[in-house]
There are 2 protein chains.
Amino acid sequence: MSKNSFRLGRTEEMRMKKVRLADVAKVAGVSMKTVSNVVHDYPHVTPEMRRKVQLAIDELGYKPNLTARRLATGRTGMIAFAIPEIDHPYFSELSRYIAEEASLRGYRVLVEQTLNNLSAEQAVLSDREAGLVDGVIFHPVRMQPMDIAMLRRDVPLVLLGESTMPVTADHVMIDNVAAARDGVRHLVRQGRRRIAFLGLVAGDITGSTDQRLLGYQQGLLEANLPLDPQLVFSAPDFSPEDSAAAVRRALASGIPFDGIICRDDRFATGALHALRGAGVRVPEDVAVIGWDDTELGRWATPRLTSISPDKRELAATALEMLGERIDGLQGIGRHRIVSHSLSIRESAPAEASVLM
Amino acid sequence: MSKNSFRLGRTEEMRMKKVRLADVAKVAGVSMKTVSNVVHDYPHVTPEMRRKVQLAIDELGYKPNLTARRLATGRTGMIAFAIPEIDHPYFSELSRYIAEEASLRGYRVLVEQTLNNLSAEQAVLSDREAGLVDGVIFHPVRMQPMDIAMLRRDVPLVLLGESTMPVTADHVMIDNVAAARDGVRHLVRQGRRRIAFLGLVAGDITGSTDQRLLGYQQGLLEANLPLDPQLVFSAPDFSPEDSAAAVRRALASGIPFDGIICRDDRFATGALHALRGAGVRVPEDVAVIGWDDTELGRWATPRLTSISPDKRELAATALEMLGERIDGLQGIGRHRIVSHSLSIRESAPAEASVLM
DNA sequence: GATCCAACTTACAGCGCTGTAAAGAAGCTG
DNA sequence: CAGCTTCTTTACAGCGCTGTAAGTTGGATC
């Protein structure tokens, strides 16, 4: 009876009170540091000592307190991943790779949404608090390069995305010019001659689509096709609805076109819907190419041909660079290009299959 | 000149060295605690003192060190959100609401992917380390209720999802039985008589679809429709591909059906593709209802009618309950139901519009 | 057997902040 | 103006861990 109640007391104590390193040390009859060494698999610990300590750890159910560790080491083991929207297909897919690559390197990821909001983006850089994360991977959409350069704080930073970036920070992207050109080439190879670009977004101050637009133009010139400003469609905002509206407007205005290259899969999805609604066949009448190669496009009808950044490589590269910065690497910002390809599906099939 | 270099030195000092509370206190000529009080807007501080301290804070560019704060207070201000896959449309959309609701309550969110992996799920609960987060919102898919109950640790926990949950933890879900019944009713109202359920997944040990299947059956019985086991389709895994294959198999086997209710939008998307590939018209020949009301379904062709859990309410409720637990609320697990609705679109339109 | 070395282990001072208790200041009361 | 109360401010001991420097031990060396 009394034995039982003692046992209960013991058990309760084990789950109620948080066990500290010092408690383990006392039970094992060693110093705190030795326990710490066991926990960290420090090599110079005799097997006997290790066993003794491990026994005490197990008995007490000791769990290291991360916060204390962080305070002592100055490292948090966490990185922030700051993106516009976590539920945008491209970013949610990218998040997954970032999380996986981070976990491989012993980091945890704190996802920070900026919601296309300037002040939220600024908050990412001019953090009110310090010591939360060891580094930041940031995909800006509203901040200008100079803003970023100015606000740049002491925490290691890697930038993502196609907009112009300050030369003071590391940056990873795909070759957007080449990618857009590849898309145009693919359409040209199918015999398309009136290729549209969708699209510019009113108030998109970052000029993030500039490079894609540039590649689009290069692709046309390369094929000796005329540059028709009417074929550059604009949308009021970034949603598929806005994109669909832009395509409807273009159709209504009677401008002829037989191909569209879109700034992202969301835009392409909107375009597909607008075209279908107007009775325009894809790809027979108009071929459509998306951008980002997301699930949204893979399961669109028809399945979307899309420019496909190597997201895994993107994530791995960003983490690699960030890791180097965290490890103390100094120096001017480095720019890295990761590979891209064209995922060819029904909306803009390869030549062989387009012989309708 | 010398003035300039002094300034530079000062500036450098400001960005190089991390400023501590004690530094601010020294400059302001007050105690550390007073600075802390100013930082925290503690009421009993004279305006003059506040001004003086604020000046020092601004001059030195002081940023509180979160880690130290955490160690001292025992609170991290972070919660973990543990889900199978961050790039699953339902979870990425839910993540967004969780992040927003958390931010409203002063919490940051650490997203943890379990990748449908049992050991990863166990790791979520039996955390190796303590003091990382104040609480956990967890959507299990592999763990059994008893496992969860056993491994349940000291950190506050709120469970999400439709599987059976231990009575020892808080739980938020929609009424899956009612929702499935609503879906069937909608189809029946359109005159559908051979309604399929897609689908069971081989090896889905959680029985997470049980309730949806139950509601499906109730809906059929309610309409005096026979229960045909052949109309419950099975898939080997959770992807749209698997779902499409399951539908193709059903079509090939010649079982007649004129409606499908799917376990999620991904399955519905796969079904739409399989049907289209077989020349079956949606909704004319077969009406399709999805589940989760995600962007994937909203932009499918045809646009997907889908059972729509109120994701914002779900997130808010989970955070509310978790917050109460973090604030010390004890007692048995509470179960909360949040509302759902049916988002009616083209794949299973309302009666009026179905008169082809 | 004294000396030295390498392999282990320990003691303890921080990491930067907050909670507590207690001191100091200022305003009231009779 | 002593005696109280209330409002501000201070001093300092932790929070739990790790890095450093200083032991301790056992064995190899001459």
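The values are calculated or read from the model by the stated rules, or taken from the named source; none is laboratory data. Being a predicted model, the structure only gives us computed values, none of them experimental. Cβ coordinates were reconstructed from backbone atoms using ideal geometry, including for glycine residues, and neighbour counts include every protein chain displayed.
Confirm whether B:Val27 is modelled with pLDDT of 90 or more, more than 14 Å from every other protein chain (Cβ to nearest Cβ) and within 12 Å of DNA strand D (Cβ to nearest atom).
On the way: modelled with pLDDT of 90 or more: yes; more than 14 Å from every other protein chain (Cβ to nearest Cβ): yes; within 12 Å of DNA strand D (Cβ to nearest atom): no.
Criteria not met by B:Val27.
Okay, residues lined up against (1) of a type outside the set (Ser, Thr, Tyr); (2) more than 30 Å from B:Arg108 (Cβ to Cβ); (3) near DNA strand C (Cβ under 8 Å from one of its atoms):
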| site | (1), (2), (3) |
| --- | --- |
| A:Val27 | yes, yes, no |
| A:Val45 | yes, yes, yes |
| A:Leu66 | yes, no, no |
| A:Met78 | yes, no, no |
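Looking at A:Val247, A:Val282, A:Val288, can you tell me which residue is in contact with a strand residue (DSSP E or B) (Cβ under 8 Å, 6 or more places away or on another chain), more than 29 Å from A:Phe81 (Cβ to Cβ) and part of a helix (DSSP H, G or I)?
Working: A:Val282 fails: part of a helix (DSSP H, G or I); A:Val288 fails: part of a helix (DSSP H, G or I).
Only one candidate qualifies: A:Val247.
Residue by residue through the range B:71-89, note down the ones that are within 14 Å of DNA strand D (Cβ to nearest atom) and touching a Leu at 6+ places or on another chain (Cβ under 6 Å).
Kept after step one, since they are within 14 Å of DNA strand D (Cβ to nearest atom), are these residues of the range B:71-89: B:71-76.
Answer for the range B:71-89, where residues must be within 14 Å of DNA strand D (Cβ to nearest atom) and touching a Leu at 6+ places or on another chain (Cβ under 6 Å): just B:Leu71.
Looking at (1) at the interface with chain A (Cβ under 7 Å from one of its Cβ atoms); (2) assigned to a strand (DSSP E or B), which one does B:Phe81 not meet, given that it meets all the others?
For B:Phe81, the failing item is (1).
When A:Ala179 is evaluated against the numbered criteria (1) out of contact with any strand residue (DSSP E or B) (no Cβ under 9 Å at 6 or more places or on another chain); (2) under 30 Å from A:Ala315 (Cα atoms), which criterion, by number, is the only one it fails?
Only one criterion in (1) out of contact with any strand residue (DSSP E or B) (no Cβ under 9 Å at 6 or more places or on another chain); (2) under 30 Å from A:Ala315 (Cα atoms) is unmet by A:Ala179, namely (1).
Residue by residue through the range A:36-70, note down the ones that are in contact (Cβ under 8 Å) with a residue 24 or more places away in the chain and either away from chain B (no Cβ under 13 Å) or near DNA strand D (Cβ under 9 Å from one of its atoms) (or both).
As a first pass, look at the range A:36-70 and keep what is in contact (Cβ under 8 Å) with a residue 24 or more places away in the chain: A:39, A:52-53, A:55-57, A:59-65, A:70.
Listed by number, the residues that qualify are A:Val39, A:Lys52, A:Val53, A:Leu55, A:Ala56, A:Glu59, A:Tyr62, A:Lys63, A:Pro64, A:Asn65, A:Arg70.
Out of (1) buried (at least 18 other Cβ atoms within 10 Å of the Cβ); (2) modelled with pLDDT under 95; (3) farther than 23 Å from A:Pro240 by Cα, what's the single condition that is false for A:Thr209?
(3)
Can you tell which of A:Asp228, A:Asp204 is acidic (Asp, Glu) and under 23 Å from A:Ser308 (Cβ atoms)?
Numbers: A:Asp228 fails: under 23 Å from A:Ser308 (Cβ atoms).
Only one candidate qualifies: A:Asp204.
In the range A:106-147, which residue that is farther than 15 Å from A:Leu159 by Cα and among the β-branched types (Val, Ile, Thr) is farthest from the other protein chains (Cβ to nearest Cβ)?
Looking at the filtered set, the residue picked out is A:Val133.
For the range A:237-279: of the residues being β-branched (Val, Ile, Thr) and crowded, with 18+ Cβ neighbours inside 10 Å, which is farthest from A:Leu94 (Cα to Cα)?
The selected residue is A:Val247.
Only one residue in A:Asp327, A:Asp293 is closer than 21 Å to A:Leu94 by Cα and under 26 Å from the mean Cα position of the chain (by Cα), so which one is that? Spell out the reasoning first.
Details: A:Asp327 fails: closer than 21 Å to A:Leu94 by Cα.
Of A:Asp327, A:Asp293, the one residue that is closer than 21 Å to A:Leu94 by Cα and under 26 Å from the mean Cα position of the chain (by Cα) is A:Asp293.
One line per residue, one yes/no per condition, for (1) under 19 Å from B:Val338 (Cα atoms); (2) modelled with pLDDT under 90; (3) outside any helix (DSSP H, G or I):
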site: B:Val124; (1), (2), (3): no, yes, no
site: B:Pro140; (1), (2), (3): yes, no, yes
site: B:Arg153; (1), (2), (3): no, yes, yes
site: B:Ala179; (1), (2), (3): yes, no, no
site: B:Val184; (1), (2), (3): no, no, no
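Quick check on the range A:264-273. Is at least one of its residues among the hydroxyl-bearing types (Ser, Thr, Tyr) and more than 20 Å from B:Arg303 (Cα to Cα)? Give the derivation first.
Here is the first cut: in the range A:264-273, the ones among the hydroxyl-bearing types (Ser, Thr, Tyr) are A:269.
Then keep just the ones that are more than 20 Å from B:Arg303 (Cα to Cα); that gives none.
No, the range A:264-273 contains no residue that is among the hydroxyl-bearing types (Ser, Thr, Tyr) and more than 20 Å from B:Arg303 (Cα to Cα).
Can you tell me which residue is surrounded by the fewest Cβ atoms within 10 Å (Cβ to Cβ) among those in the range A:91-149 that are over 25 Å from A:Glu313 (Cα atoms) and hydroxyl-bearing (Ser, Thr, Tyr)?
Selected residue: A:Ser119.
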